[in-house]
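To start, the structure itself, in structure tokens.
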Amino acid sequence: MIRHRPAGSGHPYSPDTEQRSPVRPVAGEPLRLGVRTSGEVASVDLELVVGDDETRRVPLATVPRSSRGQAVDGGHLASAQARQARRAGGWQVELPAPREAFRYRFVATSADGTTRSTRWFGTRPASWRPADDSVLAVDGDAVAVLPGSVEVLDDGERLHRVRFALPLTGAEHVAGFGERFDALDHRGATLDSVVFEQYKSQGAHRRTYLPMPFAHVVGDSGWGFHVRTSRRVWFDLGAAASDRLVVEAEVSAPSGAEGALSVALYDGDPRAVLDAFLAEVGRPTELPDWVFRLWASGNEWNTQAEVERQMALHREHDVPVGNVVIEAWSDESTFVAFRDARYTVRPDGGPLRLSDFEFPADGAWPDPKGMVDALHDHDVKVHLWQIPLIKMRPHPSGQAKADARAAVAEGLLVREEAPDGTLRPYRNRGWWFPLGLMPDLTDDRAADWWTAKRRYLVEEIGVDGFKTDGGEHAWGADLSYLDGTRGDEGNNLFPVAYPAAYGRLLESCGKAPVTFSRAGFTGSQAHGAFWAGDENSTWEAFRWSMLAGLSAAACGIVYWGWDIAGFSGPVPDAELYVRAMAASVFVPIMQYHSEFNHHRTPSRDRTPWNVAELTGDGAVVDEVRELVHLRERLVPYLRREAARTIDTSAPLMRPLYFDHPDDPEVWNHPVQWTLGDALLVAPVLEPGSDRWPVYLPAGEWVDAWSGEAVRGGQVVATSTPRCRVPVFVRADRWDELGGVFRD
């Protein structure tokens, strides 16, 4: 076997061994070409023909084989991580990219002297050249594109990228770019905008589930920008040259085209910039006040009995729950039927109704509707986990097999380009649910087919929302959506369409469009709630997650939360857990969750009683009870402030620079925020801290816990028992809110 795929798997950060990198060669710059082979191959040669020249033969060297980049990124599942160790069978060569069109193929020679070759591949190298400003369509005059900075990557027939620069002054800070885990101010950094499932350590890798090519530039007069594209964009934010912000974006346009890339420039303070951006891309939808109550879940709550037991424990310990997310509920095949349910397969892949199911009394879910009704009686809303894929490993059977066949036959899937140029169903190239089929949820017909299969869950069983997990599975420019959009343009839009489709389902059943997603892009602001994705239980991840929430809020995401104190690995110690719980009282979505641990002991549930038992610290339960009751008292305030956020575009979880753009000190305290207009929050982010510095911007404040009046414009040291996060109330709102902080 010998295989070369010019575009590889489409992994945005780690080229595959068997690909051409870069996929679009740049004349004179390094070009890496590679193949994968079976074990009997002894040598591989590249045969290269440049223009009309003679064939040149170049030997390849062996290299470790990548597995869709997992050796760099890690996988979502232990089985995926184990596959990282596969190393054999890779061959590569690096050479300067030719300056004219070229062809190449690979010839493999086995130990017995037999040879086998790939087909011939051809491509046109591109070159960077200066371009006229007309290649940019610029709306707004907040700043001017720097003269002479516009360049295009041109292969003589088409433009592939556009690059330009905007000015930066010494006093300006650059923030935004969607959900970002590493920093609030990105001045001096480089980053990009591509939806990606970075499993844990997002802050270390500067990768995100929810990017946006939108930013605030704060300082001096204040402005912002939006690169109006769903394709990948790279940003140099004063890293190469401190006085300029460089934007480089993928495009697809004929050489010489005008307006190949559109950019909006917004003038004003951060609130005005965000308002202009949301007016263009879509405003948030107000959700019911119950989303502000505690969300509870654990991956091992995978039977009706266990869900009911856990909810009873919350009542027993007087820890009020408003929402339960049931993750491991389905047959893990259709993600439509409850595990153990009996029914007759619909060969046409059509929707089932509740009456089509029989739920065995000794099964995992003997009475789903009864369970949901009982939870509703206890004022608990119910959300079910989803994934936007048709699982194909192991080979599907029963209803899953019928669904896959129907999706192919009806033309409802995202497709990919085969080696012969034809289109075939796309098979997921990521490490989670590998080779799964992906319904094109950007298409109304496909989305309606997909969500109709879930209608009975809402209409008849009474489910209140869906955890729309995943959404990062579209890899590669060679994908094709049903409207003809290619992957380089459509992949970032898939996670916007995914929760939108579920929101339409819920609304059509008379419910609020409550979805809970981790992936998104520009336009996601209008579709449900979000959480920060998968993370370990560490102080570092705590800080990263708070930065993610603030960055997302600065881009118009209103309903945002995180897995309190992390969801992966051993349970956090008591101090981290309570500190994280205390901070989350003042985050828009307050929810805890734990990763599936295959029912090994000790349990890794993030319930307060389990943390108390494992850490030997019985005070945890009392402290969490106090915090959750405080959250309950905050719900009316959160409801009012969320409505004001949607009306005014002032974020609910608001970075300090929004209200104080001219105060340079706010940037020295990036992990502080105002929750609505009245509360200033400063989470304790280090262990062993009994006092914590808080910066109070100008104005009059009241310490929420002591009632002491404090003048702003200074850093104050606060007393910080672990069950209390430092909170200050604007003095003119103290009469309204002071009672919230007293039992």
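Could you list, in sequence order, all residues of the range 320-338 that are part of a loop (DSSP other than H, G, I, E, B), among the small types (Gly, Ala, Ser) and closer than 14 Å to LYS453 by Cα?
SER333, ALA337
Quick one: which residue in GLU472, GLU460, GLU489, GLU416 is out of contact with any Phe, Trp or Tyr (no Cβ under 8 Å at 6 or more places or on another chain), of a type in the set (D, E, K, R) and closer than 24 Å to SER230 by Cα?
Answer to the check: GLU489.
Test of understanding: among ARG339, ARG393, ARG353, which residue is within 25 Å of GLY487 (Cβ to Cβ) and under 33 Å from the mean Cα position of the chain (by Cα)?
ARG393
Take GLY520 and decide whether it is outside any helix (DSSP H, G or I) and free of Cβ contacts under 8 Å to residues at least 40 places away in the same chain.
Taking the combined requirement at face value, the residue does not satisfy it.
Is there any pair linking a residue in the range 671-693 that is assigned by TED's automatic domain parsing to the domain that holds ARG733 to one that is among the small types (Gly, Ala, Ser) and not in a strand (DSSP E or B), with Cβ under 7 Å and at least six apart or on different chains, and which?
GLN672/ALA682; PRO683/ALA583; TRP692/ALA682
Within the range 551-565, can you find the residues that are within 13 Å of the chain's Cα centre (by Cα) and aromatic (Phe, Trp, Tyr)?
Result: TRP560, TRP562.
Looking only at the range 339-388, which residues are of a type in the set (Lys, Arg), in a loop (DSSP other than H, G, I, E, B) and surrounded by 14 or more Cβ atoms within 10 Å (Cβ to Cβ)?
ARG339, ARG346
Being among the acidic types (Asp, Glu) and in contact with a strand residue (DSSP E or B) (Cβ under 8 Å, 6 or more places away or on another chain) is the filter; apply it to the range 202-251 and report the residue that is farthest from PHE494 (Cα to Cα).
Going through the qualifying residues, I end up with ASP243.
Could you please tell me which pairs satisfy a Cβ distance under 7 Å, a separation of 6+ or placement on different chains, a first residue in the range 272-284 that is touching a residue at least 24 places away in the same chain (Cβ under 8 Å) and on the phi > 0 side of the Ramachandran plot, and a second residue that is surrounded by 18 or more Cβ atoms within 10 Å (Cβ to Cβ) and part of a loop (DSSP other than H, G, I, E, B)?
GLY282/GLY523
State the number of residues belonging to the range 1-50 that are buried (at least 20 other Cβ atoms within 10 Å of the Cβ) and aromatic (Phe, Trp, Tyr).
Counting residues in the range 1-50 that are buried (at least 20 other Cβ atoms within 10 Å of the Cβ) and aromatic (Phe, Trp, Tyr) gives 0.
Which residues, counting only those in the range 392-421, are at pLDDT below 95 and under 20 Å from HIS4 (Cβ atoms)?
GLU417, ALA418, PRO419, ASP420, GLY421
Does ALA512 satisfy the condition of being surrounded by fewer than 22 Cβ atoms within 10 Å (Cβ to Cβ), closer than 24 Å to THR645 by Cβ, more than 17 Å from the chain's Cα centre (by Cα) and not basic (Lys, Arg)? It would help to see each step written out before you state the result.
On the way: surrounded by fewer than 22 Cβ atoms within 10 Å (Cβ to Cβ): yes; closer than 24 Å to THR645 by Cβ: yes; more than 17 Å from the chain's Cα centre (by Cα): yes; not basic (Lys, Arg): yes.
Against the criterion (surrounded by fewer than 22 Cβ atoms within 10 Å (Cβ to Cβ), closer than 24 Å to THR645 by Cβ, more than 17 Å from the chain's Cα centre (by Cα) and not basic (Lys, Arg)), ALA512 qualifies.
Please specify each residue of the range 420-445 satisfying the condition of being farther than 17 Å from GLN386 by Cβ and either crowded, with 18+ Cβ neighbours inside 10 Å or touching a residue at least 60 places away in the same chain (Cβ under 8 Å) (or both).
Of everything in the range 420-445, those that are farther than 17 Å from GLN386 by Cβ and either crowded, with 18+ Cβ neighbours inside 10 Å or touching a residue at least 60 places away in the same chain (Cβ under 8 Å) (or both) turn out to be TYR426, ARG429, TRP431, PRO434, ASP443.
For VAL715, which of the numbered conditions (1) under 21 Å from MET546 (Cα atoms); (2) buried (at least 16 other Cβ atoms within 10 Å of the Cβ) fails to hold?
(2)
Identify, please: which residue in the range 158-214 is more than 22 Å from GLY533 (Cα to Cα) and among the aliphatic types (A, V, I, L, M) and is, among those, surrounded by the fewest Cβ atoms within 10 Å (Cβ to Cβ)?
Here the answer is ALA171.
I need a count of the residues in the range 718-737 that are within 22 Å of GLU623 (Cβ to Cβ) and either of a type in the set (A, V, I, L, M) or assigned by TED's automatic domain parsing to the domain that holds VAL578 (or both).
4
If you check PRO655, PRO670, PRO687, PRO693, which single one turns out to be buried (at least 23 other Cβ atoms within 10 Å of the Cβ) and not aliphatic (A, V, I, L, M)?
The conditions single out PRO655.
Name the strands (runs of 3 or more DSSP E) wholly inside the range 213-281 in which the number of residues that are touching a Ser or Thr at 6+ places or on another chain (Cβ under 7 Å) is 1 or more. Walk me through it before giving the result.
On the way: elements: 223-227, 233-237, 244-254, 261-267.
By residue number, 233-237, 244-254, 261-267.
Within the range 646-705, considering only strands (runs of 3 or more DSSP E) that don't extend past its boundaries, which have at least 1 residues that are closer than 22 Å to ASP732 by Cβ, touching a Ser or Thr at 6+ places or on another chain (Cβ under 8 Å) and modelled with pLDDT of 95 or more?
So the answer is 653-655, 679-681, 691-696, 700-703.
The values are calculated or read from the model by the stated rules, or taken from the named source; none is laboratory data. Everything numeric here is computed off the predicted structure, so don't read it as measured data. Ideal geometry is used to build each Cβ from the backbone, glycine not excepted, and the neighbour counts take in all protein chains shown.
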